[in-house]
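The values are calculated or read from the model by the stated rules, or taken from the named source; none is laboratory data. Note that the coordinates shown come from a computational prediction; the quantities given were computed from them, not determined experimentally. Don't worry about glycine lacking a Cβ; one is built from the backbone with ideal geometry, like all the others, and counts go over all protein chains shown. Just so you know, the surface numbers come from the protein's heavy atoms only, side chains and all, with ligands and any DNA or RNA stripped out. Shrake-Rupley method; radii C 1.70, N 1.55, O 1.52, S 1.80 Å.
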Amino acid sequence: MPRKVRTPWVIPEGTPPSKCRGCAAEIYFVAYTRKADNKPGRMPLNADGTPHFATCPNAEEFRKERVSR
């Protein structure tokens, strides 16, 4: 089964750039509401709208350990 390709996120005009602490790339934090619990979150994005976690060579440094329920 082919993998579903997600459309890039939209970076609102005026969103200030930041630097990734792992690789120093320019990223943008975009606010969103998590589907699982309706809580607010911030997604780090590359300039092209793709999630930075997918391209950062040091993404593992920022992953949280999953808590078993």
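If we keep just the residues of the range 55-69 that are of a type outside the set (S, T, N, Q) and surrounded by 10 or more Cβ atoms within 10 Å (Cβ to Cβ), which is farthest from ILE11 (Cα to Cα)? Lay out the reasoning, then the answer.
Within the range 55-69, the first condition is being of a type outside the set (S, T, N, Q), and the residues that meet it are 56-57, 59-67, 69.
Cutting the leftovers down to surrounded by 10 or more Cβ atoms within 10 Å (Cβ to Cβ) gives us 56-57, 59, 61-62.
Numbers: CYS56: 18, PRO57: 22, ALA59: 21, GLU61: 24, PHE62: 22 Å.
Selected residue: GLU61.
For the range 23-42, residues that are out of contact with any Lys or Arg (no Cβ under 6 Å at 6 or more places or on another chain) and under 19 Å from CYS56 (Cα atoms) total 8. Contact map, the range 43-61: residues that are more than 21 Å from PRO16 (Cα to Cα) paired with residues that are open to solvent by 80 Å² or more (accessible area, probe 1.4 Å), Cβ distance under 7 Å, separation 6+ or inter-chain. Pairs shown: ALA59/PHE53. Within the range 21-36, being modelled with pLDDT of 90 or more, more than 15 Å from ILE11 (Cβ to Cβ) and part of a loop (DSSP other than H, G, I, E, B) holds for ARG21, GLY22, CYS23, ALA24.
Mind counting the residues in the range 37-54 that are within 10 Å of the chain's Cα centre (by Cα) and either among the β-branched types (Val, Ile, Thr) or closer than 13 Å to PRO8 by Cβ (or both)?
If we filter the range 37-54 for residues that are within 10 Å of the chain's Cα centre (by Cα), which is where we start, we get 41-46, 49-54.
Those still in the list that are either among the β-branched types (Val, Ile, Thr) or closer than 13 Å to PRO8 by Cβ (or both) too: 43, 45-46, 49-52, 54.
The number of residues fulfilling the criteria is 8.
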